[in-house]
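Heads up, the thing below is written out as structure tokens.
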Amino acid sequence: MMKGAVANILEAIGHTPLVKLGHVAKDVKANIYVKCEFLNPAGSMKDRMTLNLVDRAEERGEIQPGGTIIEATSGNTGAGLAMIAAVRGYECIFVMPDKMSEEKIASLRAFGARVVVCPTAVEPDDPRSYYSVAKRLVEETPNSFYANQYANDDNPGGHYRFTGPEIWDETQGEMDVFVTGLGTGGTVTGCGRYFKERKPEIQLVGVDPIGSLYYDFVKTGRVTKPFTYKVEGIGEDFFPSTIDLDILDDIVRVDDKECFLMTRELVRKEGLYVGGSCGAAVAGALKYARSRDREENIVVLLPDGAAKYMSKIFNDDWMRENGYLDAEASLGVVRDLLGKKSAEEVILASSTDRVRDVISRMKAHGISQLPVVDGEKLVGAIAEVDLLRYLVTEEQSLDSAVGPLVESDYATVSPDTKIELLKNLLADARMAIVLDEDRIAGVVTKIDLIDFLARRTG
Ligand code: PMP
């Protein structure tokens, strides 16, 4: 064996560079460093994690020589597992949602894996969902190992063992904030635990796309209505057991457009050849840095590379068709729908308001639902049906506070959310509450949307 060589490609996992951001971060006081996990051999930060999954499964005898690795994956976990399978002689079957780019599917097939594509727009427990299909394949395939990244502790464990320590060594403990996207939560939970054990005051900041469940849950403890978005790999419509949301100190959210424009900037201005969730993480880190406005060291993890997104983020036609470039011919954004109405005009209830007062407020304004706040902070929503349900119970009182009646039948959006998204969202949720950062900027119900669309068509 030659002195400078490694025995196989798996030994080349890790040792990725930590790079200071230049131009893109010039308007913030913080120093922003990016951890280039997209430079791993199979293309993402999942390489270390999947190696840990397979190593631990081999140790426990859960996978035998010649066995089949099965996984529900949005691509990068698949690539890591497929690379390991190639080196160690396993078969692979991957199940993916249909919103994934062609390149991701093709790259898994290139490793010799079988790929099964399933619809995105179904509930996770629907038999057609990619989680359910993966489970069924495991039952049907002899000598198979279900990697199960959404429930396998070896996922956060891989980041605790490898990614966390490497970042810690490179930063010599001088990191103040760690920012990362949230998918399975393996990265934030594993790295976060390692960092907090060494420096408890490190701020862990998650980045979540608008439409995912995490942001509202962290901010209000409510399981609101998820809706679709295009950025791949981050955000969820359920809570995987691999994520420890309590570990987060803060969470910021981003919309597709800002993710994709930032992804393009990172490639063009910083020479970082990265994918969409990297744009998301950096856009989120910059928002956080602006809100803190102080000199500190922020480390942002960049999960995967640009190559798999050529037909989307780096394709002007796709970007234009989806309204992510400026010359867009779309229905507009939520801000246009709210028009000149100021945030002060939004009708709210406080969680300590009495049932009686909320009823009269609804009557006075001719509305049937409204957001509920605790001080300035959104804590949920209340609707006519909730009051009705309460008033027919035995122990009802008009003088009770509405707090305990608050529910979660809403979704939160930003002023920049596209109107097109509201159509599906309002089919599922009672209303959309518009948050401008954490401030309530408005409410959109079905009739508001109908009215807006009717006025447009004249
Ligand atoms: N970005 C991309 C491109 C990913 O594939 C994933 C994994 N789903 C993530 C970010 C999120 O990482 P994690 O699952 O560790 O939270």
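The values are calculated or read from the model by the stated rules, or taken from the named source; none is laboratory data. None of the values given here were measured: they were computed from a predicted structure. Glycine also receives a Cβ, built like all others from the backbone with ideal geometry; neighbour counts cover every protein chain displayed. Each accessible area value is taken on the protein alone, full model and side chains, heavy atoms only, with ligands, DNA and RNA left out. Shrake-Rupley method; radii C 1.70, N 1.55, O 1.52, S 1.80 Å.
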Using only DSSP helix segments of four residues or longer, with each worth -39500 (n - 2.57), what per-residue ellipticity at 222 nm results for the chain after dividing by its residue count and rounding to 500? -10500 deg cm²/dmol
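Sorted by packing (mean other beta-carbon atoms within 10 Å per residue), highest first, where do 269-277, 151-159, 420-428, 315-323 land? Mind showing how you got there, number by number?
Details: 269-277: 21.9, 151-159: 23.6, 420-428: 17.1, 315-323: 14.4.
Those peptides, ordered most packed to least, come out 151-159, 269-277, 420-428, 315-323.
Under 1.5 on a/c is rounded, so check that first for the range 8-149, then, if it is not, pick prolate when a/b is larger than b/c and oblate when it is not; a ≥ b ≥ c are the square roots of the alpha carbon gyration tensor eigenvalues.
On the way: a/c = 2.38, a/b = 1.47, b/c = 1.61.
The shape class here is oblate.
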Tell me which residues come under 5 Å, amide H to amide H, from Glu236 once H is placed; ignore anything under 5 positions away on its chain. Leu213, Tyr214
Quick check: residue separation of Arg109 and Lys341 times 0.36 nm, minus the Cα distance between them. What number comes out in nm? 78.3 nm
Under 22 Å Cα to Cα from Lys135, which lysines show up? Leave out anything in the same chain fewer than 8 places away. Lys46, Lys99, Lys104
Gain in length, Val122 to Val223, computed as 0.36 nm per residue apart minus the alpha-carbon separation, to one decimal in nm? 34.6 nm
Estimated FRET transfer efficiency when R0 is 41 angstrom, pair Ile367-Ile9 (beta carbons, to 0.05): 0.10
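Taking the solvent-accessible surface of protein heavy atoms with a 1.4 Å probe, what is the per residue accessible area of the chain in Å²? Before the final figure, lay out each step's value.
Working: 19880 Å² over 458 residues.
Per residue, the chain has 43 Å² of solvent-accessible surface.
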Cβ-derived FRET efficiency at R0 51 Å, Leu453 paired with Val19, nearest 0.05: 0.65
Sticking with the crude label model, points 7 Å out along Cα→Cβ, report the distance from Asp237 to Arg294 in nm, one decimal please. 4.0
Using only protein heavy atoms and a 1.4 Å probe, report how much of Met100 is accessible, in Å² to the nearest 10. 20
Spacing of the two label points (7 Å from each Cα toward its C-beta) at Asp436 and Glu139, in nm: 5.1
Working from Cα positions, state the angle (0 to 90°, nearest 10) between the long axis of helix 46-59 and the longest principal axis of the chain. 70
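Can you compute the charge dipole magnitude of the chain about its Cα centre, using +1 on each Lys and Arg Cβ and -1 on each Asp and Glu Cβ, nothing else charged? Give it in debye, rounded to the nearest 20. Could you put the intermediate results ahead of the total?
Values: 54 positive and 72 negative charges, 167 e Å.
With only Lys, Arg, Asp and Glu charged at Cβ, the dipole is about 800 debye.
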Taking the chain, the equivalent ellipsoid from its C-alpha gyration tensor has semi-axes in Å, biggest first, of 40, 25, 22
Quick one: Karplus J couplings for the range 309-316, per residue in order, coefficients 6.51, -1.76, 1.60, θ = phi - 60°, nearest Hz, x for Gly and Pro? 10, 4, 7, 10, 4, 9, 10, 4
Highest average packing first - 395-405, 247-257, 194-204, Cβ atoms within 10 Å: 247-257, 194-204, 395-405
When the Karplus curve 6.51 cos²θ - 1.76 cosθ + 1.60 is applied with θ = phi - 60°, which whole-Hz ³J(HN,Hα) does each residue of the range 243-251 get, with x for Gly and Pro? 9, 10, 5, 5, 6, 5, 8, 7, 9
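Residue separation times 0.36 nm, minus the C-alpha to C-alpha distance between Glu420 and Thr352: what's the value?
Working: separation 68, 0.36 × 68 = 24.48 nm, distance 3.53 nm.
Working it through step by step, the gained length comes to 21.0 nm.
How big is the antiparallel share of DSSP beta bridges in the chain, given as a percent to the nearest 5?
Numbers: 19 of 58 bridges.
Rounded to the nearest five, the antiparallel share is 35 percent.
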Computed label-point distance, nm, for sites Ala151 and Asp27 using a 7 Å Cα→Cβ extension: 4.5
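Just add up the charged neighbours of Ile247: K/R +1, D/E -1, any other residue whose Cβ is under 12 Å from the Cβ of Ile247.
Working: positive: Arg193, Lys196; negative: Glu197, Asp244, Asp246, Asp249, Asp250.
Net of charged neighbours comes to -3.
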Taking placed amide H atoms and a strict 5 Å upper bound, the residues 5 or more places from Val443 or on another chain that come that close are Val434
